[in-house]
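Engineer: The structure follows.
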Amino acid sequence: MSKYDWDQVPFEDILADSKDGEWGIGEEAGSHTACWMIRGTDFAGINDPSTELPLRWIPDHLMERKRLQPGDVVFEMAGGTAKQSTGRSALVSHAFFESRKEHPVLCASFCRHLRLKPEYHSSFIYYLLQTLYRAGYMGVFNIQHTGVSRFQYTAFKKKTVLTIPKEPVQKKIAAILTAYDDLIEVNQRRIAALETMAEELYREWFVRLRFPGHAKVKLVKGVPEGWERGSVSCYTSYLRRGVAPVYDDNGDGLAINQKCIRGGKLNLKEARKQSRDASEDRYVRVGDVLVNSTGEGTLGRVAQVLSPINRAIVDSHVTIVRPKDEVPVHYFGMTLRGWEPHLSIMGQGSTNQTELSPSIIGRLSMLMPPQKLSERFEEIVSPIFKQSELLRLENDSLRQTRDLLLPRLISGKLRVEAMDIQFPPGMAEP
């Protein structure tokens, strides 16, 4: 079957049903049902059972008409940014509903759901929509209205024609891409489990103070005997804000900004290339703790650098907190991450320009356990964090490979008709 055997199908012809979203009310009421709601901001973690979806109460008659089913595609209608147009999509899989049995699930008011006719495989259509989005096609239908980015769905539906193979080929293409996404999800769950282990050990030893031998150690004013308390600055070799980068798409350096620090993690997708030379101590190192230091909303977010980054600096809105060589690096980083809620409210200045200065961070008091105990902790958690970082790197590689295959498979340039493909668990039927 050649690419020329694929069908040209108007977008509206693939739909069995499509309805806009709801938002309901935030508390119980008569003739209303509690429902999980999927927003555009939930798309990235939709297949992660730990992702917390908002719970809203929806009128019963609307819930029955609009509740989602396995295989539905949720389509974003509003809420894009300057760098991210509307028109993103998410596939609601069987596995998703297995972990969300407590309440019905609907899409939120800035989304709509797409339910496909049976001859169109939902995973294939989802990946086809991903290809269109990444190619910039969805941006054509993105408009600004009263300060909000909105997607012109009616125009998109009327003007879009899709090139689609017969269902057996749809399933093979979807199977290849789903296999990558399934591996990524498995790794994400392993990462979460590893980090939970490390965090639980930290809390047990250093928050609940049930460390090995604790029963024989006296507490003096709530502090175990032999432990010391000092300011953060006592335990750091470098505590400074970053510098203004020289942004340059051809530069060989990288500038880390506040968007890179979220959820206790460092994500370099939002980092930008830059060409400014900097002194050696301004380049981030493994073990550095990065703290967002400007503005409401992002102030006080914390992430630790756990793997080498070549020629990376932080911009002037981020503070580097670098532990001394003798300080237990993971203990130091986990302690500062635990302070994130407090750091977020410690800024000074006007509402629009709140600043968290290095001096404020440096004056904070930190409890430091004895060397033998901290070394034992590092011996246990270092392999955990190393394995977690390896899994993240593996996921980066899987995403890159998947994203290279995606347009070639969806366009028909990479032929799959003769392939004997084992369908992955992510495509299992109920």
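Engineer: Tell me the label-point distance for the pair A155, V140, using the 7 Å Cα-to-Cβ offset, in nm and rounded to one decimal.
Structural biologist: 1.1
Engineer: Where both residues lie in the chain, what percent of DSSP beta bridges are antiparallel, nearest 5?
Structural biologist: Given both bridge residues lie in the chain, the antiparallel proportion sits at roughly 90 percent.
Engineer: Continuing with the same structure: Computed over the Cα atoms of the range 228-368, what is the convex hull's projected area averaged over all directions, in nm²?
Structural biologist: Convex hull of Cα atoms, orientation-averaged projection: 8.0 nm².
Engineer: Also: Only sites in a loop by DSSP and with at most 14 other Cβ atoms within 10 Å count here; which trypsin sites (Lys or Arg not before Pro) in the range 350-430 make the cut?
Structural biologist: K413, R415
Engineer: List the aspartates and glutamates whose Cα sits under 20 Å from the Cα of K372, skipping any in the same chain fewer than 8 residues away.
Structural biologist: In chain and number order, the partners are E199, E200, E204, E225, E228, D325, E326.
Engineer: Going by alpha carbons, how many degrees (0 to 90, nearest 10) lie between the helix axis of 329-338 and the longest principal axis of the chain?
Structural biologist: Tilt relative to the chain: about 70 degrees.
Engineer: Can you give the charge dipole size of the range 132-274 about its Cα centre, rounded to the nearest 20 debye, using +1 on the beta carbon of Lys and Arg and -1 on the beta carbon of Asp and Glu?
Structural biologist: Approximately 440 debye in magnitude.
Engineer: Residues with beta-carbon under 12 Å from that of M197, excluding M197: net charge, scoring Lys, Arg +1 and Asp, Glu -1?
Structural biologist: It works out to a net charge of -2.
Engineer: Can you find, among C260, S316, Y283, the residue farthest towards the positive end of the dipole of the range 228-368? Put +1 on the C-beta of Lys and Arg, -1 on that of Asp and Glu.
Structural biologist: Checking the options against the dipole of the range 228-368, the answer is C260.
Engineer: To the nearest 20 debye, what charge dipole does the range 358-430 have about its Cα centre, counting +1 at the Cβ of each Lys and Arg and -1 at the Cβ of each Asp and Glu?
Structural biologist: Charge dipole of the range 358-430: 280 debye, to the nearest 20.
Engineer: On to the next question. What residue among L373, L128, L177 has its Cα farthest toward the positive end of the dipole of the chain, where the charges are +1 on Lys, Arg and -1 on Asp, Glu, each on the Cβ?
Structural biologist: Final value for the positive-end residue is L373.
Engineer: Output the pairs from K171/K413; K216/K386; K157/K265; K158/K273; K269/K386 with a Cα-Cα distance over 28 Å in this structure; if there are none, say none.
Structural biologist: Over 28 Å Cα-Cα: K216/K386; K157/K265; K158/K273.
Engineer: Sorted from largest to smallest, which semi-axis lengths in Å does the alpha carbon gyration tensor of the range 3-164 give for its equivalent ellipsoid, taking the root of 5 times each eigenvalue?
Structural biologist: Ellipsoid half-lengths, sorted descending, are 27, 19, 15 Å.
Engineer: With a Förster radius of 41 Å, plug the Cβ-Cβ distance of S411 and L364 into 1/(1 + (r/R0)^6) and report the FRET value to the nearest 0.05.
Structural biologist: Rounded to the nearest 0.05, the efficiency is 0.15.
Engineer: Rounding to the nearest 20 debye, state how big the charge dipole of the range 228-368 is about its Cα centre with +1 on each Lys and Arg Cβ and -1 on each Asp and Glu Cβ.
Structural biologist: Here the range 228-368 has a charge dipole of around 220 debye.
Engineer: Normalise the Cα radius of gyration of the range 143-248 by 2.2 N^0.38 Å (N = residues in it) and let me know the number.
Structural biologist: So the Cα radius of gyration is 2.15 times the expected 2.2 N^0.38 Å.
Engineer: Then there is this: Using the alpha-carbon centroid of each, what span in Å lies between the range 24-74 and the range 82-117?
Structural biologist: Measuring centre to centre over Cα atoms gives 9 Å.
Engineer: Expressed in nm², what is the orientationally averaged projection area of the convex hull enclosing the Cα positions of the range 191-306?
Structural biologist: Value for the range 191-306: 10.1 nm².
Engineer: To continue, here is another question. Kindly work out what percent of the DSSP beta bridges joining two residues of the range 228-368 are antiparallel, to the nearest 5.
Structural biologist: 90
Engineer: Around S344, what is the net charge, scoring Lys/Arg as +1 and Asp/Glu as -1 over all other residues with Cβ under 11 Å from its Cβ?
Structural biologist: -1
Engineer: Can you give me the three principal axis dimensions of the chain from its C-alpha atoms, in Å, biggest first?
Structural biologist: For the chain, the Cα extents along the three principal axes come out at 74, 58, 50 Å.
Read-outs: derived from the displayed coordinates by stated rules, not from any lab. Here the structure is a predicted model, which is why all the values come from computation and not from measurement. Reconstructed Cβ throughout: ideal geometry from the backbone, glycine too, with neighbour counts over all protein chains shown.
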